[in-house]
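Notes follow once the structure below has been shown.
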Amino acid sequence: MACALGARDDGVLEAAAKAGWPLHIFWTIGQDARGTVTGDSGDWRGIAGPEVYANTIRAAGLGGGVITVSHCDAQGTADTLRDTIRAYRAQGLRIVTVSELLRGMGR
């Protein structure tokens, strides 16, 4: 069985589409001078707050339109969320819902 990013396989994506969810939104994957950058904070692995923060700030460095993923029950995210939001704002970024982001892309 093939597996897509975010532990979703073709069966899950097909079931979601049949249920009326035709778009499948994942986090950003891009490149910077150090290599591959992902919008996955990694907080689900139980990593410490400073690493969660570093991951999300690095992803934000890719610029506007970046999609990151963090989990409400992850301690690393809870420990750093205020600082992360401040850093995003300092970079001139705004936090929006995926729906708002897609509307801005003409969807």
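For the stretch 40-47, indicate whether the set of residues that are in contact (Cβ under 8 Å) with a residue 60 or more places away in the chain and open to solvent by 70 Å² or more (accessible area, probe 1.4 Å) is non-empty. Before you say what the answer is, go through the steps one by one.
Step one: list which residues in the stretch 40-47 are in contact (Cβ under 8 Å) with a residue 60 or more places away in the chain, which gives none.
No; the residues of the stretch 40-47 include none that is in contact (Cβ under 8 Å) with a residue 60 or more places away in the chain and open to solvent by 70 Å² or more (accessible area, probe 1.4 Å).
Which residues, taken from the stretch 24-55, are outside any loop (DSSP other than H, G, I, E, B), touching a strand residue (DSSP E or B) at 6+ places or on another chain (Cβ under 9 Å) and within 19 Å of ARG89 (Cβ to Cβ)?
Listed by number, the list holds a single entry, ASN55.
Scan the stretch 63-79 for residues that are open to solvent by 60 Å² or more (accessible area, probe 1.4 Å), more than 12 Å from the chain's Cα centre (by Cα) and closer than 24 Å to LEU102 by Cβ and report the count.
2
If a residue must be under 11 Å from LEU81 (Cα atoms) and not β-branched (Val, Ile, Thr), how many such residues does the stretch 43-62 contain?
Matching residues across the stretch 43-62 total 3.
Among the residues of the stretch 67-85, is there at least one that is at pLDDT 95 or above and of a type in the set (Lys, Arg)?
Within the stretch 67-85, one or more residues are at pLDDT 95 or above and of a type in the set (Lys, Arg).
Can you find a residue in the stretch 28-39 that is open to solvent by less than 50 Å² (accessible area, probe 1.4 Å), touching a Gly at 6+ places or on another chain (Cβ under 8 Å) and touching a residue at least 40 places away in the same chain (Cβ under 8 Å)? First the steps, then the outcome.
Our first condition is that a residue be open to solvent by less than 50 Å² (accessible area, probe 1.4 Å); within the stretch 28-39, this holds for 28, 30, 35, 37, 39.
Among the residues that remain, those that are also touching a Gly at 6+ places or on another chain (Cβ under 8 Å) are: 28, 37.
Narrowing the set further to residues that are touching a residue at least 40 places away in the same chain (Cβ under 8 Å) leaves 28.
Yes - at least one qualifying residue is present in the stretch 28-39.
What residue, of ARG86, ARG94, is in a loop (DSSP other than H, G, I, E, B) and of a type in the set (D, E, K, R)?
Going through ARG86, ARG94 in turn, just one is in a loop (DSSP other than H, G, I, E, B) and of a type in the set (D, E, K, R): ARG94.
The values are calculated or read from the model by the stated rules, or taken from the named source; none is laboratory data. Note that the structure is a prediction, hence the values are computed from the model and not measured. Please note: Cβ atoms are built from the backbone with ideal geometry, for glycine as well, and neighbour counts cover all protein chains shown. We work out accessible area using only protein heavy atoms, side chains counted, and drop any ligands, DNA or RNA first. Shrake-Rupley method; radii C 1.70, N 1.55, O 1.52, S 1.80 Å.
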